[in-house]
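Peer 1: Input: one structure, supplied below.
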Amino acid sequence: MGQVSEMAITWNHYTWPQDLPLDMAKLRAVEKAWGITFPQDYVDCVRDNQGKTPEPASFEFGDGFETSLNDLYHFEPSPSGSNIVENQKRMQMGDVPERIFVFAGDPAGNRICFDYRQSNSAPKVVILDYEVDPEHALVPVADSFTELIAKMR
């Protein structure tokens with residue numbers, strides 16, 4: 001399953017009471033519709049863990065702030081509140097820059113996103129922090145999905 005599986009993370013049920021492995025055709029359809037390519041480390045992880053929550057889940061970002069990854073958004077039609085496409089549509093109704101794509105949320109309602117502005121194949125991870133000035137709302141978290149997972153404590 002790639003580098004992510006080597007991390008000391010346990011993925012627990014969150015959205016559903018059972019495993020719901022990802023239909024890769026759904027992921028590829030999202031990539032095509034939004035003109036992005038998800039990084040392979042994320043694909044390897046979400047394939048078996050969509051809708052799940054990691055343990056540990058906390059990570060630092062910005063100037064010593066801490067939050068946690070609530071759950072990996074899923075590619076299924078229901079429930080819509082944690083569907084990756086529905087969250088992306090809601091996020092784009094705001095003033096979010098182009099090429100930012102959400103894949104998870106935190107308990108405070110912030111969005112954890114891939115930032116494709118500098119690379120189409122190796123996006124950085126940022127958090128859309130709603131509690132800061134909109135001009136500074138995108139806060140760097142990690143250079144990759146694997147690095148994000150490695151930061152969790």
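Peer 1: Do any chymotrypsin sites (Phe, Trp or Tyr not before Pro) in the stretch 54-153 lie in a loop, going by DSSP, with at most 15 other beta-carbon atoms within 10 Å of their beta carbon, and if so which? Mind showing how you got there, number by number?
Peer 2: Values: sites: 59, 61, 65, 73, 75, 101, 103, 114, 116, 130, 145; in loops: 73, 75, 116, 130.
Loop-located and lightly packed - 130.
Peer 1: Now, a different point. With a 1.4 Å probe and every protein chain kept in, tell me what percent of the accessible surface of the chain is carbon plus sulfur.
Peer 2: Its accessible area is 49 percent carbon and sulfur atoms.
Peer 1: Quick check: pseudo-label points 7 Å beyond the Cα along Cα→Cβ at residue 119 and residue 95, how many nm apart are they?
Peer 2: So the label points at residue 119 and residue 95 sit 2.9 nm apart.
Peer 1: On to the next question. Just round it to a whole percent: the fraction of Cα-Cα distances in the chain exceeding 28 Å.
Peer 2: Here the long-distance tail beyond 28 Å is 11 percent of all Cα pairs in the chain.
Peer 1: When ligands, DNA and RNA are left out and all protein chains stay put, how many square angstrom of accessible area per residue does the stretch 80-126 have with a 1.4 Å probe?
Peer 2: Here the residues of the stretch 80-126 average 46 Å² of exposed surface.
Peer 1: Eight or more residues apart or on different chains, and alpha-carbon atoms under 18 Å: count the Lys pairs in the chain matching that. Can you show the working numbers first?
Peer 2: Values: 26/52; 26/89; 32/89; 52/151; 124/151.
Here the count comes out as 5.
Peer 1: Could you rank 80, 144 by how accessible they are, 1.4 Å probe, largest area first?
Peer 2: 80, 144
The values are calculated or read from the model by the stated rules, or taken from the named source; none is laboratory data. As the structure is a prediction and not an experimental result, all values here were calculated from the model. Please note: Cβ atoms are built from the backbone with ideal geometry, for glycine as well, and neighbour counts cover all protein chains shown. Note: areas computed on protein heavy atoms with side chains; ligands, DNA, RNA excluded. Shrake-Rupley method; radii C 1.70, N 1.55, O 1.52, S 1.80 Å.
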